[in-house]
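The values are calculated or read from the model by the stated rules, or taken from the named source; none is laboratory data. Fair warning: this is a prediction, and the values are worked out from it, not measured in the lab. Don't worry about glycine lacking a Cβ; one is built from the backbone with ideal geometry, like all the others, and counts go over all protein chains shown. Just so you know, the surface numbers come from the protein's heavy atoms only, side chains and all, with ligands and any DNA or RNA stripped out. Shrake-Rupley method; radii C 1.70, N 1.55, O 1.52, S 1.80 Å.
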Amino acid sequence: MRKLLLLTTVILVGLVFIARLFYLQVYDNSNYDLFEDTAIRKEFNYPKRGYVYDRNGKLLVANQPSYDVMVIPREVVPLDSTDLNEFCSLLKITREDYNKKLERATTYSPRLPSPFVSQLSKTDYAVLQEKMRKYEGFYIQKRSLRSYQTTIGANVLGDIGEVNRSIIAKQPYYRLGDLIGKQGIEKTYEDILRGTKGIKFIQKDRFNKNIGPYKDGIYDTLPKPGKDITITIDAELQAYGELLMTNKRGGIIAIEPSSGEILTMVSGPSYNPNLLVGRDRSKNFSKLYRDTIAKPLFDRGLQAMYPPGSPFKTLNALVGLQEGVVTTQERFSCNMGYRYGNRKMGCHAHASPVNMNIGIYESCNAYFANVYRKIMDKYDTPAEGMDVWSNHIKSFGLGNYLNNDLSVGQPGKIPDAETYNRGYGENRWYTTFTLSNSIGQGEVLATPIQLANMAAAIGNRGYYFTPHIIKNIEEDSIPSDFTTPKYTTIDRKHFEPVVEGMFDVYNKGTAKYLKVQDIEICGKTGTAENFAMIDGKKTQLTDHSIFVAFAPKDNPKIAIAVFVENGYFGSRFAGRMASLMIEYYLKDGEITRTDMETFVLQHSLEHEYEKPYSGEPFGINRQTTLNPVTEQEFQNLLEIKSEIPKS
């Protein structure tokens, strides 16, 4: 009996072990990872990346075939001198490059594939594929690169590049050699455009030779193509804006007020997006990145924070009306400026006294200094008045991120009481300390897209839609946040007198020479002081030229902000460019004000941008010296304009 019990126990224990082993090795695969199995080769099949179209259906970004030479270091068979020289020649690399690349791949993983040479051309691929059998451990992987069907909108479209280890650590979907959107649309809508990789698992024998699909391919997956998207940009308007910005630095942002759709997003200087495609991408990117003077990779329309200057006065008029501290007919005197204490805020010559309408179209500093002081003095303390004023201004989308779908941006700056408490001490500052805010200087900063959004809110009489660049996603909808209006703190009834003032800017004010036939434009010129540190000294440079506008006056179809660095007064460059952009958009490419177009195209500001480095003086009253381009350069620009395709 005792022997039988012992035998039974041994048999039961054996059966338990056998059952457990069967469960773990055959039935239960929970701890088994195909990707870690060195006897199985993984081949990724990359999907077609989604296409990008402009608002009118014009194809902007497509794909082109690309071929990567991949390497699995542990499978590499050392090459003799002849074969190594041939292999390097086919890949257009040196033997030193070969050794470095192989060492890098081995460091990454000796048993996982990684890119050895990326983005071969069709020609190089055709020659190489016939001889790949000679180079064990290497194989060719096909995927697609971007093919930009345009030379404009580099800051809008962005580019794609290889992922780095930091991205891989955060996003396990990517593996070494994969491509990801780096800037612009490509970055913002990466998850939608990229699609999903497919994969094949290939079984290898003990001699490391492929013997067919692992388990008849039951774990293989097909790639899922990326979705096509339509963006809000008007490619023709974008091309025209970039043409006007030639030889200048700055930003142009145009928005459709009724939807918040961004019509154009110009940053000058720009570059051809095709420079960042192919094997020369790294070299070209480095060249653009190292240009720390012109900064072509810096999107001035979204990232540059400037003093908004006189366009900001329209908001102070609205706040004054909302707070009930001023009427549209109340007048203030202006004797070439506004005096406070022993100081004076200067102003240009115009008739006096000044009401709100005149204050806007003549851009009177004294008028808005008085309005600003009345807003502040309504409250018991400057701090209380400052916070009320600040909240009104911020309701227009200034002083914070707009929460749009753009890959970069800056919040700008709208001061509040805490700003001055930090600077001067609590309750140790007065309204006069902050008076520059009344004319859009001082501590106030804004980006061009914020100013365009401000113009849209005024044109809509009190609300705006979050500016966005996505119009349509294949088989999907855009976020509801982009279709929900945001209301300012100003009552609708107060906007009409400000709109009339901006309309009169074109009829009899600072932009009266910029009128366009048959279009009712409401605008506001601006000139912002410009400083830079030169040889350790704060130096005043030529002023910036600013202009904001919307048109038509009622139910506007376009709102725009133009900022031209070192362009002097608002109507000289920014105003002309804004009027031309509005006419081009509303008249389907027709330009009647060819005089303004000729002026803008014929004059360069490059000499102004060289002055901080050349030591050349900035001139009397910081006025720019008009510097015409050569006749040949002008004709070249006209030819570029003639080649802008029409829808």
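Just a few scattered comments:
- When the residues of the stretch 282-301 are filtered to those that are open to solvent by less than 30 Å² (accessible area, probe 1.4 Å) and not in a loop (DSSP other than H, G, I, E, B), the one that is nearest to Val163 (Cα to Cα) is Leu288.
- Where a residue in the stretch 50-71 is under 28 Å from Leu176 (Cα atoms) and open to solvent by 40 Å² or more (accessible area, probe 1.4 Å) and its partner, wherever it lies, is at pLDDT 95 or above and outside any strand (DSSP E or B), with Cβ under 6 Å and at least six apart: Tyr51/Asp228
- Residue in the stretch 560-577 that is of a type in the set (Phe, Trp, Tyr), open to solvent by 20 Å² or more (accessible area, probe 1.4 Å) and part of a helix (DSSP H, G or I) present: no
- Within the stretch 144-190, the residues that satisfy the criterion of being of a type in the set (Val, Ile, Thr) and open to solvent by 30 Å² or more (accessible area, probe 1.4 Å) are Thr151, Ile167, Ile168, Thr188.
- For the stretch 461-491, the set of residues classified as open to solvent by 10 Å² or more (accessible area, probe 1.4 Å), farther than 20 Å from Gly320 by Cβ and not in a strand (DSSP E or B) consists of Phe465, Glu474, Glu475, Ser477, Ile478, Pro479, Ser480, Asp481, Phe482, Thr483, Thr484, Pro485, listed by residue number.
- Test: Asn437 is part of a helix (DSSP H, G or I), open to solvent by less than 10 Å² (accessible area, probe 1.4 Å) and under 21 Å from Ala578 (Cα atoms): no
- Evaluation of Phe433 against the conditions (1) touching a helix residue (DSSP H, G or I) at 6+ places or on another chain (Cβ under 7 Å); (2) under 20 Å from Lys557 (Cβ atoms); (3) of a type in the set (Phe, Trp, Tyr) shows that the sole unmet condition is (2).
- Taken together, Glu606, Glu610, Glu583 contain a single residue that is open to solvent by less than 10 Å² (accessible area, probe 1.4 Å), out of contact with any Ser or Thr (no Cβ under 6 Å at 6 or more places or on another chain) and of a type in the set (Asp, Glu), which is Glu583.
- Verdict on Gly250 being buried (at least 16 other Cβ atoms within 10 Å of the Cβ) and either under 29 Å from Glu639 (Cα atoms) or at pLDDT 95 or above (or both): yes
- The residues of the stretch 90-133 that are touching a helix residue (DSSP H, G or I) at 6+ places or on another chain (Cβ under 6 Å), more than 17 Å from Glu162 (Cβ to Cβ) and surrounded by 15 or more Cβ atoms within 10 Å (Cβ to Cβ), listed by number, are Leu90, Tyr98, Thr106, Leu128.
- Odd one out for Gly359, checked against (1) out of contact with any Cys (no Cβ under 9 Å at 6 or more places or on another chain); (2) outside any loop (DSSP other than H, G, I, E, B): (1)
- Residues located in the stretch 315-355, provided they are in a strand (DSSP E or B), open to solvent by less than 60 Å² (accessible area, probe 1.4 Å) and of a type outside the set (A, V, I, L, M): Phe332, Gly337, Tyr338, Tyr340, Gly346
- Subset of the stretch 402-414 (residues that are over 23 Å from Asn155 (Cα atoms) and crowded, with 20+ Cβ neighbours inside 10 Å): Ile414
- The stretch 415-432, subset open to solvent by 70 Å² or more (accessible area, probe 1.4 Å) and under 35 Å from the mean Cα position of the chain (by Cα), residue nearest to Asp380 (Cα to Cα): Glu418
- Scanning the stretch 365-385 for residues that are farther than 16 Å from Ile439 by Cβ and of a type outside the set (Lys, Arg), we see that the one that is surrounded by the fewest Cβ atoms within 10 Å (Cβ to Cβ) is Asp380.
- Entry remark, the stretch 239-269: residues being closer than 16 Å to Asn56 by Cα and assigned to a helix (DSSP H, G or I) number 2 in total.
- The helices (runs of 4 or more DSSP H) falling completely within the stretch 365-427 that include 3 or more residues that are under 17 Å from Met305 (Cβ atoms), touching a residue at least 12 places away in the same chain (Cβ under 8 Å) and out of contact with any Phe, Trp or Tyr (no Cβ under 8 Å at 6 or more places or on another chain) map to 382-394.
- Test: residue in the stretch 274-296 that is under 30 Å from Ala351 (Cβ atoms) and not hydroxyl-bearing (Ser, Thr, Tyr): no
- Only one of the numbered conditions (1) charged (D, E, K, R); (2) closer than 19 Å to Ala446 by Cα; (3) crowded, with 22+ Cβ neighbours inside 10 Å is not met by Glu362, and that is (2).
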